[in-house]
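Visitor: I have a structure I would like to understand better, so I am pasting it below and will then ask my questions one at a time.
The values are calculated or read from the model by the stated rules, or taken from the named source; none is laboratory data. Just so you know, these numbers come straight off a predicted model, no measurement behind them. So basically every Cβ, Gly included, is an ideal-geometry build from the backbone, and we count neighbours across all protein chains shown.
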Amino acid sequence: MGLETFILSMLEFISNIDFDLFSIILGMVLILFWLVMIGWVWIDSGERTSKTSKRLIYLFLIIFLNIPGLVIYLIVRPSETIEQIYWADLERRYLKYETSDLGDCSKCGHQLLPGFVFCSNCGNEIKLRCPKCGVLMSKDFKFCSNCGNQLRERALTEEQYPNVTVMEQQIQATKEHATQTVESKRTRYKTGKSFVVKLGESIISLVRKAKESIPTKIVLEDTLEKRKENSEKEHEKNRVQSVQNRKKKNRKKKKR
């Protein structure tokens with residue numbers, strides 16, 4: 001009885017609804033939502049692009065397509081705002097400025113950090129103070145970048161920089177350190193050889209062995225041919241000698 005009463009009361013409530021008023025309210029809500037979407041798209045597109053033509057295109061999508069137009073706008077709009085792009089570019093510029101002092105020690109090749117005056121590995125002096133203004137300058141500078149005072153007659157030669165052997169050792173050590181780090185952390189990056197690489201190396205090794213064995217085969221063939229020729233010559237010589245011996249025997253018999 002309770003369920004039947006509830007259903008009957010719901011049906012009575014629905015039958016008493018003024019659908020004209022409900023449709024008017026629903027229409028007003030949809031229009032309000034449509035206007036809010038138009039305003040939001042106009043503001044959001046202004047934060048993502050400075051071209052008015054693109055903003056108008058985005059606006060027309062919402063005006064004529066409503067919710068499907070909003071979905072299309074969310075797909076095709078720029079992923080970053082102008083402010084985000086500006087701050088990202090500013091951060092890149094700042095990092096570039098901060099890392100401008102980064103380099104390697106001219107004596108031992110150890111990596112230097114910003115603000116280093118002496119190498120932390122070998123104690124090599126990296127920067128000198130200008131005798132005129134007292135500002136720290138690189139030892140490679142010929143003139144002070146602050147006051148223009150001449151620091152030396154000529155710039156340092158390249159002989160003070162690490163030679164090729166030292167640089168190759170540093171590169172190899174860096175590669176080994178990176179490989180150990182990746183393998184120890186078991187990241188998704190694979191440092192071992194894949195099946196394709198192993199297959200390629202095996203094919204290359206077989207080709208090299210074949211190339212190395214070709215001259216040996218040629219020598220063996222030449223040796224066999226020479227042996228064959230020698231054996232044929234010996235056989236012919238023996239045959240001739242046997243024929244001559246027979247002739248001699250026949251002559252002796254005739255004389256008797």
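Visitor: So which residues in region 3-19 are outside any helix (DSSP H, G or I) and either of a type outside the set (A, V, I, L, M) or surrounded by 10 or more Cβ atoms within 10 Å (Cβ to Cβ) (or both), if there are any at all?
Guide: Within region 3-19, just Asp18 meets the criteria.
Visitor: When you scan region 38-46, do you find a residue that is part of a helix (DSSP H, G or I) and under 34 Å from the mean Cα position of the chain (by Cα), even just one? Full working, then the answer.
Guide: Here is the first cut: in region 38-46, the residues part of a helix (DSSP H, G or I) are 38-46.
From what is left, the residues that are under 34 Å from the mean Cα position of the chain (by Cα) are 45.
Within region 38-46 (the criterion being part of a helix (DSSP H, G or I) and under 34 Å from the mean Cα position of the chain (by Cα)), the answer is yes, since at least one residue qualifies.
Visitor: Another one. If I filter region 91-119 down to residues being exposed (fewer than 13 other Cβ atoms within 10 Å of the Cβ) and modelled with pLDDT of 80 or more, which single residue comes out as farthest from Gln169 (Cα to Cα)? Outline the logic, then answer.
Guide: Of the residues in region 91-119, the ones exposed (fewer than 13 other Cβ atoms within 10 Å of the Cβ) are 91-100, 102, 113-115, 117.
From what is left, the residues that are modelled with pLDDT of 80 or more are 91, 117.
On the way: Glu91: 34, Val117: 25 Å.
The selected residue is Glu91.
Visitor: Yes or no: region 74-84 includes at least one residue that is assigned to a helix (DSSP H, G or I) and under 30 Å from Leu113 (Cβ atoms). Let's see the steps before the verdict.
Guide: Taking region 74-84 as the starting set, the residues that turn out to be assigned to a helix (DSSP H, G or I) are 74-76, 82-84.
Imposing the further condition that a residue be under 30 Å from Leu113 (Cβ atoms) reduces the set to 84.
Within region 74-84, one or more residues are assigned to a helix (DSSP H, G or I) and under 30 Å from Leu113 (Cβ atoms).
Visitor: Still on this model: Quick check on my filter: what residues within region 23-41 are surrounded by fewer than 15 Cβ atoms within 10 Å (Cβ to Cβ) and within 11 Å of Tyr73 (Cβ to Cβ)?
Guide: Of everything in region 23-41, just one residue is surrounded by fewer than 15 Cβ atoms within 10 Å (Cβ to Cβ) and within 11 Å of Tyr73 (Cβ to Cβ), namely Trp40.
Visitor: While we're on this one: For the condition modelled with pLDDT under 70 and in a helix (DSSP H, G or I), what is the one hit in Ser213, Ser205? Steps first, please.
Guide: On the way: Ser205 fails: modelled with pLDDT under 70.
Among Ser213, Ser205, only Ser213 is modelled with pLDDT under 70 and in a helix (DSSP H, G or I).
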